Amino acid sequence: MRRSLPRPKIPMQTDALKSKALEHFRRGQLKKSQALYEKVCRADTQDVEALYMLGSTYAQSGNYCKACNILEKALKMKPDALPIHCALGATRKAMGEAEQAITHFRSGLGLSPENTDIKLELAGLLLESGELSEAESLLQSVIQGSASDAAAATALHGLGEIRHLQRRLDESVHYYQRALQAQPNRPMTHNRLGHALHSLGRLDEAIDHYRKAISQAPDFIVAYTNLANTLINAGLMDEADKILGKALSIDPDNTDAVASRVSVLEHKGDYDAAHKLIVPLLEKGVHHSGLGIAYANLCHRIDACDSAAHYLESLLQGQQIPDNRREQLHYAAGRLHDRLNSFDTAFRHFQAANNLRPDHYSSVEHRATIHAQTEVFDPAFIANAPRATHGSRLPVFIVGMPRSGTSLTEQILAQHGDVHAAGELAEIEQQAKILCSSTRGKSGFPACFEGLTRAAVDTAAQGYLKCLEEFAVGKRYVTDKMPQNFIFLGLINLLFPDARVIHCMRDPRDVCLSIYFQNFSEGHSYATRLEHIADYYLAYQRLMHHWKSALDIPILDLRYEELIMNQETTSRRLLDFLDLEWDPRCLDFHRSDRHVATSSYDQVRQPLYTRSMGRWRQYREHIAPLLEVFGEAEIV
């Protein structure tokens, strides 16, 4: 970004010194360059070009304070010199003095309004300083101008970062993807796109982009730890452990990687090994949010929850924790204090966590969607709509509200020799989107289904069955426990008319409170406010009432409380519904070494317990907004 400054009239000998000094500078021989420029500046104290270059040599060698002093002196002599403003901006940025750096780059932009490099530098600083509106304006101007692919990709990445900070993750994904279209070899963009996709619950896509980041930058330690954390959330513990091994071979002291390995060991049930990893860091006084969360999740296994609670509180006293990390710490502290029966403290933390999350839920929009489902999938449409012709009975759909016992139900079935548990699959929603985009009916979900043809239904069903192929070998059933598939039961009835649906139910007050206590992905926009959760529950209940009267697919209501109080009777009823022989291993579901990729992973490793029944009573005085929405509604 360096431009030629006006050259003063100097003796031929000085001119030769400057030429030699510049040659040394270009070769990276900074000390030799400094010595010659110092000599020139002593000979001519008004040589602005020499002062500028002398300051640049000190900046390049890391002596930023001296560089700034020299450059400020040069700027006083030539206030409208663009190269000096840019050099000072870069030097102040390197010193962490963002405000001063912004001032100099703004001055530089005033002198050269179409300078793309300055726009990108300034936008980056403004983004870091939280001045998102001005940063966005600059980045948009870069994209709309005649920028190179590299500059456009940098601007698009910056817009992705802004939307990421605003928690508008669908838009951030869009900008990151456009950045990669302009310049595919951008490991940082792959990493940040992976992070956004993970937050949206799109784990497979996130994993793919983290792997691309690592392939493009093999020492990119952050991408390794992000990949490992996503693999943990996907239930792929062994693979996560391998990735963390690679990360720690690159940086053995990386606390992020150590904390993630603690999480892997805790998920695997190797609590002693997890504890041994934590102890040295605690003894050194390391303060790290990831370590605190892992410690909180582990503490009840090693009788250290009071210590873990103290550690979390000390972390939360820190002033420099980003909101997303602070949010995770509050969730962890809430879970810990709930386990310690410190219910008021627990609720305070859960409320703080949820208050840090954006409120994007629209009750009007959600109710309209549910109402449209009942209007489209009425009994007449169900009776006459095309059915898929494959005849497969392979899938079993486990649906209900989140936290209603779907993981427990699937874990019981997973112990049966004729059943494979596939976990939460996003494939039904994906097939619904494909159908909506290809149908000739009305636009928009669910009106688009009015134009379904048998060929389209067959194609969608085969697409879903292909997803199950890897699980289906030697099995009679494959379970899909995506809870929100209750929204798509009308479509499921057409795609799999011979399938079975297990509808998990639980006391709505316990369900809603448990949702409020979970750090769900951004797809659960209703989950951050008690009144929104109650509204969502009532809409779910209305839709399930409709499905039971309109559909011809068999649906079994399975109550969580009945399963807890009468385990064998209820488990037998579950197997009878699927025409399966009784298998006593289903009573020992907690002995399974299967990894559960949901927040219920710890519960399904234990025998059934009753402490979660009627849990809402412990928080009665805190949940007035929830109970108020329920009011006189007949909740079941």
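Numbers for the structure displayed
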read-out	value
Cβ pairs under 7 Å, 6+ apart, first in the stretch 455-475 and farther than 14 Å from S392 by Cα, second crowded, with 17+ Cβ neighbours inside 10 Å	A456/L435; A456/T439; F471/H420; F471/A422; F471/V478
Residues (buried (at least 20 other Cβ atoms within 10 Å of the Cβ) and more than 30 Å from the chain's Cα centre (by Cα)) located in the stretch 117-133	I118
Residue list for the stretch 540-592, filter: surrounded by fewer than 16 Cβ atoms within 10 Å (Cβ to Cβ) and among the β-branched types (V, I, T)	T569
Residues being closer than 25 Å to W616 by Cα and crowded, with 20+ Cβ neighbours inside 10 Å - total across the stretch 311-327	1
Residues of the stretch 444-498 classified as farther than 24 Å from H546 by Cα, aliphatic (A, V, I, L, M) and surrounded by 19 or more Cβ atoms within 10 Å (Cβ to Cβ), total	4
Filter result for the condition that a residue is in a helix (DSSP H, G or I), under 25 Å from the mean Cα position of the chain (by Cα) and free of Cβ contacts under 8 Å to residues at least 24 places away in the same chain, over L265, L336, L298	L265
Scan of the stretch 400-450 for residues that are of a type in the set (D, E) and part of a helix (DSSP H, G or I), ordered by number	E410, E427, E429, E450
Residue among H524, H532 that is modelled with pLDDT under 95, crowded, with 16+ Cβ neighbours inside 10 Å and under 30 Å from L197 (Cβ atoms)	H524
Count of residues meeting criterion [touching a residue at least 12 places away in the same chain (Cβ under 8 Å) and of a type in the set (D, E, K, R)] in the stretch 350-378	4
Of residues in the stretch 213-269 being within 26 Å of H300 (Cα to Cα) and of a type in the set (S, T, Y), the one surrounded by the fewest Cβ atoms within 10 Å (Cβ to Cβ)	T255
Meets criteria (without any contact (Cβ under 8 Å) to a residue 24 or more places away in the chain, within 21 Å of E266 (Cβ to Cβ) and part of a helix (DSSP H, G or I)) for D238	yes
Out of A94, A81, sole residue that is surrounded by fewer than 20 Cβ atoms within 10 Å (Cβ to Cβ), small (G, A, S), more than 20 Å from R26 (Cβ to Cβ) and at pLDDT below 95	A94
Total residues in the stretch 517-545, condition more than 14 Å from F630 (Cβ to Cβ) and either touching a helix residue (DSSP H, G or I) at 6+ places or on another chain (Cβ under 7 Å) or not small (G, A, S) (or both)	14
Among (1) in contact with a helix residue (DSSP H, G or I) (Cβ under 8 Å, 6 or more places away or on another chain); (2) within 22 Å of L575 (Cα to Cα); (3) modelled with pLDDT under 90 - the single one G474 does not satisfy	(1)
Every residue from the stretch 180-189 that is part of a helix (DSSP H, G or I) and closer than 21 Å to P218 by Cβ	L180, P187, M188, T189
Helices (runs of 4 or more DSSP H) fully within the stretch 45-149 counting 3 or more residues that are closer than 30 Å to T14 by Cβ and not charged (D, E, K, R)	48-60, 64-77, 82-94, 98-111
Restricting the stretch 452-484 to residues that are touching an Asp or Glu at 6+ places or on another chain (Cβ under 9 Å) and in a strand (DSSP E or B), the residue that is farthest from L425 (Cα to Cα)	Y477
I382 vs. criteria touching a residue at least 60 places away in the same chain (Cβ under 8 Å), in contact with a Lys or Arg (Cβ under 6 Å, 6 or more places away or on another chain) and crowded, with 16+ Cβ neighbours inside 10 Å	no
Any hit, the stretch 276-289, residues being under 26 Å from R202 (Cβ atoms) and out of contact with any Asp or Glu (no Cβ under 9 Å at 6 or more places or on another chain)	yes
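The values are calculated or read from the model by the stated rules, or taken from the named source; none is laboratory data. The shown structure was predicted, so the numbers you read here are calculated from the model rather than taken from an experiment. Heads up, the Cβs are rebuilt from the backbone with ideal geometry, glycines too, and the neighbour counts pull from every protein chain shown.
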